[in-house]
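As structure tokens, the structure follows; a few thoughts come after it.
The values are calculated or read from the model by the stated rules, or taken from the named source; none is laboratory data. Bear in mind that the values here come from a model prediction, so they are computed numbers and not experimental data. For neighbour counting, all protein chains shown are included, and Cβ atoms are generated from backbone atoms with ideal geometry for every residue, glycine included.
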Amino acid sequence: MATLFLAVLYFLSFQGLRSAFGDQHRKLTATQGEMLVVKCGCLTRGLPGGTNITWTHHHPSESQRPLLQSREDPDEDALGDPSGDLVVLSASVERQGNYSCSPWNSNATCWYTLTVSPTRQEEVRVKDCEKGLSCNLKNFCPRDLVIPSLKLLKKTVWQKDNEGDSSNGYFEKVAEKDEGVYTCRRSYQYRGRLYNLTSTVMLKVKKPADSIPRIWSPKPGMVYPVQLGSQLVVPCEVEVYNMFDGSYWLDGKSFVEDDQNQSVYSNQTEKKGEKGERKITTSLVFQKVTADQLSRTYTCKLESTRKHSNVSITLALKDVPVSSLRVALLAVLFAMLAVVSSGLVFYWCRVPFTLLLRDKLDCHSNVSDIQIYICFPCNTA
């Protein structure tokens with residue numbers, strides 16, 4: 001009866017605490033007999049590094065008791081490193097339950113529920129590598145634990161599909177036969193006993209992409225006409241087929257940051273193509289074009305596991321456009337000049353013109369040819 005009362009009291013108290021700190025509650029799964037490392041999430045909430053941490057195991061059959069305070073635990077199956085992580089040397093059913101961690105200089109509390117399973121239950125991470133290229137799995141290994149009393153054995157063991165030691169987590173040219181589930185195991189020695197810390201990753205080998213990564217725009221050597229003080233956006237559109245490929249802009253030899261507070265910055269968008277390709281647009285943005293930018297060279301670089309390429313562009317001042325009023329005035333001026341010129345030509349050439357007209361119409365007169373007269377058609381019948 002007393003045990004049931006304690007269980008109910010524990011449940012109610014924990015639910016109340018959980019409702020107060022619901023956003024900070026996480027579920028953890030461990031494999032029986034293996035090591036478990038838990039980082040206190042409260043340390044990411046603006047607290048200084050090196051903050052002492054108190055971990056508490058809330059067990060229904062016993063009173064709450066601190067597990068560690070950034071030191072070795074008295075019951076010898078839980079340790080702490082300088083960062084305040086909880087390290088369970090060997091997960092067991094007795095270690096199941098609810099845990100909380102609290103920094104000494106803060107009222108923050110983070111909650112965890114630990115479940116221990118006879119077999120591995122956690123989600124397996126996936127690593128995609130392209131056939132024939134290098135592939136590195138070492139980043140998926142557990143991190144080193146910095147605990148003076150815990151000795152790390154130098155050899156890190158990799159196992160594929162639990163078939164014994166295989167590879168070292170790195171493939172110079174990965175092949176389809178290398179596909180499988182790999183487990184990285186680091187072993188630690190503590191007071192004469194061996195404890196294993198493991199992590200698992202699934203390697204998937206993809207066929208080489210049919211198409212070659214390329215830069216679609218801009219074209220090499222393009223010159224962009226600009227006006228001083230105006231804004232300009234130059235998109236660099238690339239097509240790639242690998243998650244590690246990408247593009248960026250250079251100002252001369254300097255990398256263009258994505259800081260919008262700069263006079264020149266870059267921003268990037270990405271979308272998936274119909275054939276699985278990645279279409280990346282990295283835009284070079286000029287807030288206000290300045291005179292010194294006209295003498296610089298800007299380069300869009302494509303970094304790929306298959307091919308490296310780049311395209312350079314420059315800026316140039318636009319021709320100043322002629323206003324509509326100026327065009328109209330020029331047109332009127334040319335029209336006036338044409339009228340005056342025509343009048344002068346007719347005045348100077350009136351005598352030859354009159355004689356020509358008389359000869360054509362067969363008109364004759366006794367009046368001197370130097371006199372101007374009106375000529376009417378003559379009857380020659």
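Things to note:
- The one condition in (1) modelled with pLDDT of 70 or more; (2) more than 30 Å from PRO218 (Cα to Cα); (3) not in a helix (DSSP H, G or I) that PHE334 fails to fulfil: (3)
- Residue count for segment 170-196, restricted to those that are in a strand (DSSP E or B) and more than 30 Å from the chain's Cα centre (by Cα): 10
- Within segment 232-280, restricting attention to residues that are among the polar types (S, T, N, Q) and under 25 Å from ALA291 (Cβ atoms), the residue that is nearest to the chain's Cα centre (by Cα) is ASN267.
- Verdict on LYS131 being free of Cβ contacts under 8 Å to residues at least 12 places away in the same chain and over 23 Å from ALA91 (Cβ atoms): no
- Scanning segment 218-228 for residues that are over 14 Å from VAL264 (Cβ atoms) and either out of contact with any Ser or Thr (no Cβ under 8 Å at 6 or more places or on another chain) or not in a strand (DSSP E or B) (or both) gives PRO218, LYS219, PRO220, GLY221, MET222, PRO225, GLN227, LEU228.
- Restricting VAL264, VAL289, VAL238 to residues that are in contact (Cβ under 8 Å) with a residue 24 or more places away in the chain and closer than 30 Å to ASP128 by Cβ narrows the list to VAL238.
- Subset of segment 191-204 that is crowded, with 19+ Cβ neighbours inside 10 Å and at pLDDT below 90 - its residue that is nearest to ASN310 (Cα to Cα): LEU197
- Residue list for segment 88-109, filter: of a type in the set (Phe, Trp, Tyr) and surrounded by fewer than 19 Cβ atoms within 10 Å (Cβ to Cβ): TRP104
- Some residue of segment 244-267 being surrounded by fewer than 17 Cβ atoms within 10 Å (Cβ to Cβ), assigned by TED's automatic domain parsing to the domain that holds ILE313, of a type in the set (Lys, Arg) and part of a strand (DSSP E or B): no
- Checked against the criterion of being of a type in the set (A, V, I, L, M, F, W, C) and touching a Ser or Thr at 6+ places or on another chain (Cβ under 9 Å), segment 260-278 has no qualifying residue.
- Screening ARG306 with (1) surrounded by 12 or more Cβ atoms within 10 Å (Cβ to Cβ); (2) modelled with pLDDT of 85 or more gives one miss only, at (2).
- Sole residue being of a type in the set (Phe, Trp, Tyr), modelled with pLDDT of 90 or more, more than 30 Å from VAL87 (Cα to Cα) and in contact with a Leu (Cβ under 6 Å, 6 or more places away or on another chain), chosen from TYR248, TYR224: TYR224
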